[in-house]
Every structure is written in structure tokens, then in C-alpha cells.
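Step one of this worksheet: look at the structure below.
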Amino acid sequence: MASWAKFCPKTHESAGKKKAKGRGKGNPWLGGILGRVVFGFSRTNTFLGTRHRRLARRMAPQKAIVASGNAVLTVIWHLLADPEAHFCDLGPEHYDSRINKDRKVRNLARHLQALTGQTIVVRDGKVTVGPETA
């Protein structure tokens, strides 16, 4: 459905090289409505709002709108395809519950160690800072 609505990125491939080419020219009315829907839920405390904010942090605003619109179209397709399906919002904490907290702490400690040059060790939730490494 997202491909039919031209609300997904196009990819052109030639000689084994892939080139991104924006999105196709779909129905401008559908694109406008999806843009308004995305703008509406981008400020809400829901799964789709959190998803949009996560995408908008790392990509251009228009690309984040297209990606979020693609997610909305996917939800709509699943609701239309299965009459028994019901929409259940996963909640804004869905991504936070899937993050391994210990791995996040280790990664942040490693980044801090690279920035400061000091030895940083995390054991049982306790942080110890050692002397600068050579």
C-alpha cells in the first residue's frame, strides 16, 4: 500500500550500485493528508509519536515525515486487510523497554573514555575513573 501511494523511498540500481531517488509522484491529496496526520501525532505521547521523534533526530524533517507516513500506511493496511484486527498502541516506552541497559552504559562509558582519555570502568552500577591512558 505504501508503494502504491508512493510513500516509500525509490531505489535505482545499475551495475550493482544502488542510488536513492527520493519518493515517487503519488497522489498529492493522500500525501497532504498523511503529512497532516504525521504532524498531528508527532507531538503526542504514543508509539507513533515517539517513532517520529526518533526518526526526526537523525534525518531530514521531510524524510522523517515520509518514513512516519509509511508507518501509518502500514498500520492502515493491516487494519483493512484483516477484519478481526484491532489497533493497539504499543506506548511511548516501547523502544526504551527493548534497550539493553548494561550495553548502553558500556557504550556511553567507552565514548566518555575516548573523549577524556581517562580509564572508565563500570562494575555493578558503580563508575570508577582511573588515570589518563597514554
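Looking at Leu73, Leu108, Leu112, just one residue is under 30 Å from Ala5 (Cα atoms) and surrounded by 11 or more Cβ atoms within 10 Å (Cβ to Cβ), and that residue is Leu73. Counting only helices (runs of 4 or more DSSP H) that sit completely within the stretch 52-127, those holding 3 or more residues that are of a type outside the set (Ser, Thr, Tyr) and under 30 Å from Val38 (Cα atoms) correspond to 61-81. Within the stretch 41-70, the residues that satisfy the criterion of being over 22 Å from Ala5 (Cα atoms) and not aromatic (Phe, Trp, Tyr) are Arg43, Thr44, Asn45, Thr46, Thr50, Arg53, Arg54, Arg57, Arg58. The set of residues from the stretch 23-39 being basic (Lys, Arg) and either modelled with pLDDT under 85 or buried (at least 18 other Cβ atoms within 10 Å of the Cβ) (or both) comprises Arg23, Lys25. Scanning the stretch 40-53 for residues that are modelled with pLDDT under 85 and not assigned by TED's automatic domain parsing to the domain that holds Ile120 turns up nothing.
The values are calculated or read from the model by the stated rules, or taken from the named source; none is laboratory data. Keep in mind that what you see is a predicted model, and the values were worked out from it rather than measured. FYI the Cβ positions are ideal-geometry reconstructions off the backbone, even for glycines, and counts take in every protein chain you see.
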